[in-house]
């Protein structure tokens, strides 16, 4: 069986020149000039070619395992661990878990090569995308916060589908996140109330055009003064709201969700967490501190644009983060809202007139507050009003009921006479 030697094009060229030197077609000086080597090195190469042939020009370490190559036993151990415990992990996360839980310190590239060779990982093919201009990060912390929600089976088969609300600072990529049932007004208010109490008010928030953040109805879009509950709350706090026209516009928070859908789901599985309460505790105490320590970057400016709440804003925070509706005072000084009636009491901190427009606040603690010109009103919740009867249920005794057509029974004398006449006719016909 023939033995084949793998040579590079450079080595093939070198072999041809050395062969011509051996055959006296070139002298040593000419060969040295062509190969950019010394004449002494050319003599050494001639000796190797005479003794070993073309193999003498191939590097001696070719085909041999490297001195720093991974032992076969360790390679098999890594493959077995990934196949048993981390079969759906990516190379980076798998390498981190191998180092953290199994004391196997191998880089992402080495683990990736092992996973590809063993069929545990398929490299992703990059799709050709439209050209988009690069946008520089904001300079200071709190200058722009990107915010969104992601619906996913975060607990896999251990729980129902829920929503992860997350924000990322555009300047340093610090991530804040919280689980909730949906991306509605109440979860969003709870998220931002907690954020502002801890961090302060950001300069601006970058959101999409989901109905919680933007009026999408055509008639509402024509009126710039029509605001959602979220926009109204941010206006009261003097926080700017920017609406993205595409997911790529707020790409940082979109990429964070892609990363969390890979990492966080697997971390929740390893911790055997299956409820929103447990997941929020794990996020705050364990996952997010480690995640931010790993992925945060240094902001270009040391200035923090978060603004702390003043005393007046702290007192109004529950009012700001509430659903607010406008209602009109009726002639009997009652106000109706959500099929309930509220009686305004006589003693009030402000004068109330009929047809005044009152603001009703539905707060996050389920309490109801009525406000007029900055003052909160005293009221009583009225019992359910008597139900109006339908027209069909109303009975008037003076109306004579409509008579129905009388149908005689089968044994009625009228029916017997008719039966006898029929029988007589049948007898006459038969005769």
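Here are the numbers for the structure shown:
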read-out: Residue 340 surrounded by 12 or more Cβ atoms within 10 Å (Cβ to Cβ) and not assigned by TED's automatic domain parsing to the domain that holds residue 189; value: yes
read-out: Among the residues listed as 160, 143, the single one being farther than 27 Å from residue 299 by Cα, part of a loop (DSSP other than H, G, I, E, B) and either out of contact with any helix residue (DSSP H, G or I) (no Cβ under 8 Å at 6 or more places or on another chain) or without any contact (Cβ under 8 Å) to a residue 12 or more places away in the chain (or both); value: 160
read-out: Residue within the stretch 144-152 that is within 22 Å of the chain's Cα centre (by Cα) and surrounded by fewer than 19 Cβ atoms within 10 Å (Cβ to Cβ) present; value: yes
read-out: Pairs, first at positive phi and part of a loop (DSSP other than H, G, I, E, B) in the stretch 40-67, second at pLDDT below 80 and surrounded by fewer than 16 Cβ atoms within 10 Å (Cβ to Cβ), C-beta under 9 Å, six or more apart; value: 63/6
read-out: Hits in the stretch 168-191 (condition: surrounded by 20 or more Cβ atoms within 10 Å (Cβ to Cβ) and within 17 Å of residue 231 (Cα to Cα)); value: 185, 188, 189, 191
read-out: Test result for residue 291, modelled with pLDDT of 90 or more, in contact with a helix residue (DSSP H, G or I) (Cβ under 9 Å, 6 or more places away or on another chain) and closer than 21 Å to residue 136 by Cα; value: no
read-out: Selection status of residue 327, without any contact (Cβ under 8 Å) to a residue 40 or more places away in the chain, in contact with a strand residue (DSSP E or B) (Cβ under 7 Å, 6 or more places away or on another chain) and surrounded by 15 or more Cβ atoms within 10 Å (Cβ to Cβ); value: yes
read-out: Check on residue 354, in a loop (DSSP other than H, G, I, E, B) and either within 23 Å of residue 232 (Cα to Cα) or at pLDDT below 90 (or both); value: yes
read-out: Residue match in the stretch 403-414 (condition: assigned to a helix (DSSP H, G or I), outside the structural domain of residue 353 (by TED's automatic domain parsing), over 43 Å from the mean Cα position of the chain (by Cα) and modelled with pLDDT of 65 or more); value: yes
read-out: Boolean, residue 361 is out of contact with any helix residue (DSSP H, G or I) (no Cβ under 8 Å at 6 or more places or on another chain) and either modelled with pLDDT of 90 or more or at negative phi (or both); value: no
read-out: Exclusive hit being touching a residue at least 12 places away in the same chain (Cβ under 8 Å), under 30 Å from residue 137 (Cβ atoms), out of contact with any helix residue (DSSP H, G or I) (no Cβ under 9 Å at 6 or more places or on another chain) and not assigned by TED's automatic domain parsing to the domain that holds residue 374, set 267, 231, 313; value: 231
read-out: Unmet requirement for residue 294, which otherwise passes all of (1) under 34 Å from the mean Cα position of the chain (by Cα); (2) in a loop (DSSP other than H, G, I, E, B); (3) surrounded by fewer than 16 Cβ atoms within 10 Å (Cβ to Cβ); value: (2)
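Yes or no, residue by residue, for (1) in a helix (DSSP H, G or I); (2) surrounded by 15 or more Cβ atoms within 10 Å (Cβ to Cβ); (3) over 20 Å from the mean Cα position of the chain (by Cα):
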position	(1), (2), (3)
249	yes, yes, no
267	yes, yes, no
273	no, yes, no
278	yes, yes, no
284	yes, no, no
298	no, no, yes
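The values are calculated or read from the model by the stated rules, or taken from the named source; none is laboratory data. On a predicted model such as this, the values are computed, not experimentally measured, just so you know. Here the Cβ is made from the backbone with ideal geometry for all residues, glycine too, and neighbour counts use every protein chain on show.
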